[in-house]
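FYI, it's all coordinate maths here, none of it is from the lab. On a predicted model such as this, the values are computed, not experimentally measured, just so you know. Don't worry about glycine lacking a Cβ; one is built from the backbone with ideal geometry, like all the others, and counts go over all protein chains shown.
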């Protein structure tokens, strides 16, 4: 296996991008990454696109070919592949690109992710998100994605004494980080009371506990480490990639207050990278709901089970805290255009590890971790990045 | 030739329902919904009321306040998105009811919520060109909101009629300016009982973009600024949107207060700006300048720069009910009665 570097990153603003189509979003992000990497289009050997459900959001399947066509890569007949794993679609696309380069098959690969979610009414968009859960054994009986996470939250409160305020403080922290990110959907700080008093979605979760529906795209350019310095002075290395699965339906698990897939993926990530959790400076985790961030922090091992809530309230997960979590604002504030999310996490880590994050820069950042989740922990993809 | 409003009349159904009561039925926090939309109650038409009866009531009030011979009315247009007939005009019935037929041109208009103001513009042209002596422009709706949908908290009923002419005008229509693009934020296809809407898309790229562009265009054309106006009326799908657009443009709460009726009667769609303008004319004095911007989804906005004349002192406003008296004369009903009145209960054939 060869070492793999990221030499270029690009991201559109996330949010309600009503004046941009899906293809424009994909191309904007892709071109930004290609310009950043300073590579020529004829150098690009493969394209991977993370996308959850363009077929249902905009009636367009075959989106990898679409992006290849409109970005000019189809002219060179570059292989273009769309990857889907619900919320983890973008992260798995990253993993496919990593395999390509690490295996020696290709030297330069572009990985992008995009989703256009706001062309549909809100309820229709939410129903598409629900399709990441088990349609036959969960959704048919009335479970929605927020409802499943509400059950997780209630159980976490019961087992560990986690408080409603601790869960809500995740949103406050991520909005604070989002306010420092010019690409974030929400760049506004919020108060704890705002989270607690906003419209109920599925008790105890309110509107401000849930990531929004978003449009957006993100992309990176990967290169074999041995050739990376030809293009950039600040390559960021992918130190390890891991992936784990779990049952599709939540009720088939022995516990719902922990995602075993995250724990397993973290074990593999540690083994492959040789980097201990205590060495990690920052993490982008999958906070599709506030409770999800607490689970992620405990399953990764930043905090013991039941202690992530208190740690969040104590500021240990803020920029400047013990580990800076979701410096981009996370899914909650940066936005969650599903297919783009896993790629945007990598874009944020690279920005931080290059020292280019401006007001939200984590000082002296050496190691950054990304955790991306499909469904209710049914697919978990993790990457560890480090300064080369 | 000066063209303006010679007379006007309004009608608001008496029944009201509160957002809390709607929310009670659907398991939503209706009170919070109402607070968020700035709607405390909405008007509900009774079972024997529709756009035709509302238009007739408004037009008859309009005629009661003037000595104009109805035979001198050469045109009548009714703007609505809830005409009772898909084919067969509302306007012909209204023309008969005010004894303005048969030597008159009549048509029904539709442009979501701004068809009534489009009718005013048409009458301005016809009167200004001398093609007709008087024209009647009506905006009225019994708007539809699907049960349980966000629209159900706002969709209401009401309308107003304006007699446009060049003699004895109580308010001069200085100029009008329109801003239109193809922006599908809200629609109802043929045969569908309830409209569809683009959720949050109905805000920034639709309402706010068109309202702002039209307001700025109207003021530019008129050479005016917000402080030149005593009153301002903005299309009001809820209480929040017009308040926000007014603030963004530099108008004060004091300027929009009189013409902002949605908090009490809901969104009367094509009736909204016409009713707001009627409420302003109910209290306006000579020399008062009025700014009005109507919005119709789909999307477009019509702007008006209006100056009240001395003639309003001779005008017999008291011959017909004021908007305020109709807002105050209300009776609250529960959701079951509302469902019955709005035909939302499935009946046995032949018993409706």
statement: Taking chain A, the equivalent ellipsoid from its C-alpha gyration tensor has semi-axes in Å, biggest first, of 30, 23, 19
- prompt: Looking at the P(r) of the protein assembly as shown, how many percent of alpha-carbon pairs lie beyond 45 Å?
  reply: 36 percent
Degrees separating the helix A:145-160 axis from the principal Cα axis of chain A, which is the longest one: 60 degrees
- line: In degrees rounded to 10, the 0-90 angle between helix A:290-300 Cα long axis and the longest Cα principal axis of chain A is 70 degrees
message: Can you compute the modelled spin-label distance between residue B:24 and residue B:348, with each label point 7 Å from Cα toward Cβ, in nm?
response: 3.0 nm
- prompt: Assuming R0 = 25 Å, what is the FRET efficiency of residue A:189 and residue A:19, from their Cβ-Cβ distance, to the nearest 0.05?
  reply: 0.40
message: Using a 7 Å offset from Cα along Cα-Cβ at residue A:40, what residues in segment A:230-256 end up with backbone N under 18 Å from the label point?
response: A:230-232
- request: May I ask for the angle, rounded to the nearest 10°, between helix A:89-102 and the longest principal axis of chain A, with both axes built from Cα atoms and the value confined to 0 to 90°?
  value: 40 degrees
- request: Multiply the residue separation of residue A:136 and residue A:123 by 0.36 nm, subtract the distance between their alpha-carbon atoms, and state the gained length in nm to one decimal.
  value: 2.7 nm
task: Determine, from the Cβ-Cβ distance of residue B:131 and residue B:194 and an R0 of 25 Å, the FRET efficiency 1/(1 + (r/R0)^6), rounded to the nearest 0.05.
output: 0.05
- prompt: What's the exposure ranking of A:334, B:16, A:322, B:346, going from fewest to most Cβ atoms within 10 Å?
  reply: B:346, A:322, B:16, A:334
- prompt: For segment B:172-311, what's the relative contact order in percent, using C-alpha pairs closer than 8 Å and at least 6 residues apart?
  reply: 37 percent
query: Where the Cα atoms of segment B:172-311 are projected onto their three principal axes, how long is each span, largest first, in whole Å?
result: 48, 30, 25
- prompt: Using 0.36 nm per residue, how much length does the chain from residue B:244 to residue B:319 gain when fully extended, once their Cα-Cα distance is taken away?
  reply: 23.5 nm
message: Assuming 0.36 nm per residue, please report the length gained on full extension of the stretch residue B:187 to residue B:328 beyond their Cα-Cα distance.
response: 47.6 nm
statement: One finds the C-alpha centres of segment B:319-352 and segment A:186-234 to be spaced, in Å, by 47 Å
statement: So for R0 = 51 Å, FRET eff. of residue B:48-residue A:65 from the Cβ-Cβ r, to 0.05, ends up at 0.30
field: Label-point separation, residue B:336 to residue B:204 (7 Å along Cα→Cβ), nm
entry: 4.5 nm
- request: Please work out the Cα center distance from segment A:130-158 to segment A:305-320, rounded to the nearest Å.
  value: 25 Å
- request: For a footprinting-style exposure proxy, rank A:271, B:14, B:188 by other Cβ within 10 Å, fewest first.
  value: A:271, B:14, B:188
query: In whole angstrom, how far apart do the alpha carbon centroids of segment A:26-41 and segment B:7-29 sit?
result: 54 Å
- request: Order by neighbour count: A:298, A:276, fewest other Cβ atoms within 10 Å first, most last.
  value: A:276, A:298
statement: Two pseudo-spin positions, 7 Å from Cα along C-beta at residue B:87 and at residue A:163, lie apart in nanometres by 6.9 nm
task: Over segment A:291-375, calculate the relative contact order: mean separation of alpha carbon pairs under 8 Å at least 6 apart, over the residue count, as a percent.
output: 19 percent
